[in-house]
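The values are calculated or read from the model by the stated rules, or taken from the named source; none is laboratory data. Given the structure is predicted, the values throughout are model-derived calculations rather than measurements. Using ideal geometry, Cβ is built from the backbone for each residue, glycine included, and neighbour counts are taken over all protein chains shown.
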Amino acid sequence: MFELAALVEDLIPERDRALGLYQRAWKLHPDNLKALSRAREVYGEIGRFEMVAKLGEMELRSPAAPTNLAGIVGEAMLDSGQREKAIPILQRALEISPDSIRVKDALAAASYDSEFWTDEFERLTDEAERFDEPTAVRMLVRAARILRIEAPEDERLEQLLVRILTKDIDEPSTNFLYETLLAGTNRWDELEAHHRRRAERAPDHGTKIEALRMFALEWVQRFKDRDRGARFFDAALRATASNGAVPMRSVVAAFMLLRQVQGERGEWSQLLDIAEALLDRPTEISGEDNLYIAIQAGQVALEKCNDLARARKFFATAAGIEPQHPTVTEFVSSVGLGDQRAMAASACAGVATAITHAIASPTNVGRAALPEGVRS
């Protein structure tokens, strides 16, 4: 069941089905925390902190729970408004990790005197600039957490969150609070622009691709906006194609959502352009994922665009990966590859050469020695 859920994560953009399978897997084997842990992680990836807190609390009942889990759960509770429940969890986390700055800060933010919260808030915001930037960020995050609990409608909250993000655009709790604030007032364009700024400021290409992918999933699952999710997947796939050395997770899920969303708008050529960008340049995308993209793009080119030449090109690529795939053999027999036949034959010859080499070199025989499309 766990393996099925992991597969569904890669194939389906919506996370509901995978999350359901992970939780079913855990219920079948409650002593095995792997499925419950992964479900919690998925909720964290899409910004559902209240579910991180709920599943994490269940996970904490096991003696096998990871040592850093109490801190994760305590912060998730605090940031999702469960201050009283967060305090004992954070106290437990501090006992486990007495040197954790994040746990200390979260516990301090939860343990203020409610009667004098305004004094504490003003002290933190007034004094923050006297310190170095990391310390100032910590003080301002603490102030934002207090204000969110005591006066969530106070206009100073947004101003404070923007102030923090100017210093540290990726601060986790601040981003959750800022996203929640913008979503609560239906300011979707501003939220999308914020996500794009975060992606553009990523320190490297791999981090940028992962950020775009995560924002896509968040728009699909947390905010229920498939169009914006598709835009972020589009950007992630194009970034992947521009730098073949950086792989992307969930490529099939991304391409599936693009086919649905762009197809509904009749933007088939745009979808085929992305497919060509991914397939025409060597990347770290697996053979199975490339096979899926090539077949889907070939079908779209033939059935939606009536572009036989483009369809043959995609199916020639698919034939080079897995010539015996039923959809590939059906296309070859009914339509034919035409001028693309040589390309497919060359690719198949490469597969055969690799197999011959693997058989002739016993020390290299193994799944990893064979091309992706012919591994058993």
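Numbers for the structure displayed
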{"item": "Sole exception among (1) among the aromatic types (Phe, Trp, Tyr); (2) within 25 Å of Arg281 (Cα to Cα); (3) not in a helix (DSSP H, G or I) for Phe223, by number", "result": "(2)"}
{"item": "Segment 318-330, subset surrounded by 15 or more Cβ atoms within 10 Å (Cβ to Cβ) and either over 24 Å from Gly263 (Cα atoms) or at pLDDT below 95 (or both), residue farthest from the chain's Cα centre (by Cα)", "result": "Pro323"}
{"item": "So Asp99, is it among the acidic types (Asp, Glu) and under 20 Å from Leu161 (Cβ atoms)", "result": "no"}
{"item": "Given (1) among the acidic types (Asp, Glu); (2) surrounded by fewer than 16 Cβ atoms within 10 Å (Cβ to Cβ); (3) in contact (Cβ under 8 Å) with a residue 12 or more places away in the chain, index of the condition Asp225 fails", "result": "(2)"}
{"item": "Hey, Val8 closer than 25 Å to Ser250 by Cα, among the hydrophobic types (A, V, I, L, M, F, W, C) and buried (at least 22 other Cβ atoms within 10 Å of the Cβ) or not", "result": "no"}
{"item": "Selected residue [within 15 Å of the chain's Cα centre (by Cα) and farther than 17 Å from Tyr43 by Cα] from Arg226, Arg201", "result": "Arg226"}
{"item": "Residue check for Ser62: assigned to a loop (DSSP other than H, G, I, E, B) and either hydrophobic (A, V, I, L, M, F, W, C) or more than 22 Å from Phe223 (Cα to Cα) (or both)", "result": "yes"}
{"item": "Enumeration of residues in segment 232-257 that are closer than 22 Å to Arg197 by Cβ, at pLDDT below 90 and surrounded by fewer than 21 Cβ atoms within 10 Å (Cβ to Cβ)", "result": "Ser242, Asn243, Val246"}
{"item": "Residue that is touching a residue at least 60 places away in the same chain (Cβ under 8 Å) and not β-branched (Val, Ile, Thr), where the choices are Glu9, Glu3, Glu50, Glu57", "result": "Glu9"}
{"item": "Hits in segment 12-56 (condition: among the basic types (Lys, Arg) and in a helix (DSSP H, G or I))", "result": "Arg17, Arg24, Lys27, Lys34, Arg38, Arg40, Lys54"}
{"item": "Given (1) farther than 29 Å from His195 by Cβ; (2) under 19 Å from the mean Cα position of the chain (by Cα), index of the condition Arg15 fails", "result": "(1)"}
{"item": "Selection status of Arg213, outside any helix (DSSP H, G or I) and either under 13 Å from the mean Cα position of the chain (by Cα) or under 18 Å from Gly298 (Cβ atoms) (or both)", "result": "no"}
{"item": "Among the candidates Ala211, Ala297, Ala193, residue that is at pLDDT 95 or above and surrounded by fewer than 16 Cβ atoms within 10 Å (Cβ to Cβ)", "result": "Ala193"}
{"item": "Check on Ala239, touching a helix residue (DSSP H, G or I) at 6+ places or on another chain (Cβ under 7 Å), farther than 18 Å from Gly47 by Cβ, part of a helix (DSSP H, G or I) and not polar (S, T, N, Q)", "result": "yes"}
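Okay, residues lined up against (1) hydroxyl-bearing (Ser, Thr, Tyr); (2) assigned to a helix (DSSP H, G or I); (3) farther than 25 Å from Ala6 by Cβ; (4) over 20 Å from the mean Cα position of the chain (by Cα):
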site	(1), (2), (3), (4)
Val246	no, no, no, no
Ala254	no, yes, no, no
Val261	no, yes, no, no
Gln270	no, yes, yes, yes
Glu276	no, yes, yes, yes
Pro282	no, no, yes, yes
Ile285	no, no, no, no
Ile293	no, yes, no, no
Ala301	no, yes, yes, yes
